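Asks: Below you'll find the structure I mean.
The numbers here are math on the coordinates, done by the rules we state, and not lab data. Computed from a prediction, not measured in an experiment: that's the story for all the values here. All Cβ positions, glycine included, derive from the backbone under ideal geometry; neighbour counts span all protein chains shown.
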Amino acid sequence: MTGLYLSECMQDVKLKLQLRILLNQDIAFGPGKAELLEEIRRTGSISQAAKSMNMSYRRAWQLVETMNHSFQSGLVETQKGGTHGGGAKLTDLGESILSQFRQMEIKARDAIEQDFEEIAQHLKP
């Protein structure tokens, strides 16, 4: 989520901006999937990433599968469990998509910041 905040005279005004990339009727990528990729990168595990996000393992797998099927090659690479357990890591494309998406969020926020501030001035206290 990208948020802009304005506080004047005890007013708490926020803009919630969420970008989503749609492929047909599926959300190929969005803020939740970006967060999941960040957690997979951090933990090296889909299971641990899901736990850290208070998400079921099944739901995390569904999101990973949607991402992997939406792009020309997968964003997450997995290794089957064994004596040392399985694991997951972002592919080069996954790292690139995540970085580009976060940059898109910043650019979108920057593009509308002035308009948001002007509109917010007209809200009731």
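Asks: Show the residues, 5+ positions off or on another chain, whose built amide H is closer than 5 Å to the amide H of VAL76.
Replies: Here THR91 satisfy the definition.
Asks: Length gain on complete extension for the stretch ARG20 to LEU123, per 0.36 nm per residue less the alpha carbon to alpha carbon distance?
Replies: Going from the current span to full extension adds 34.3 nm.
Asks: Putting +1 on Lys and Arg Cβ atoms and -1 on Asp and Glu Cβ atoms, find which of GLN18, PHE71, GLN114 reaches farthest to the positive end of the dipole of region 2-120.
Replies: PHE71
Asks: Please report how many Lys pairs in the chain have alpha carbons closer than 24 angstrom, counting only residues at least 8 apart along the chain or sitting on separate chains.
Replies: Step by step, the pairs that qualify in the chain add up to 13.
Asks: With only Lys, Arg, Asp and Glu charged, each at its Cβ (+1 for the first two, -1 for the last two), find how big the charge dipole of region 2-120 is about the Cα centre; round to the nearest 20 debye.
Replies: Using only the charged Cβ atoms, the result is roughly 700 debye.
Asks: Turning to a different aspect of this structure: Using Cα Rg over 2.2 N^0.38 Å as the read-out, say which of (1) 1.13; (2) 1.08; (3) 1.30 was calculated from these coordinates.
Replies: (3)
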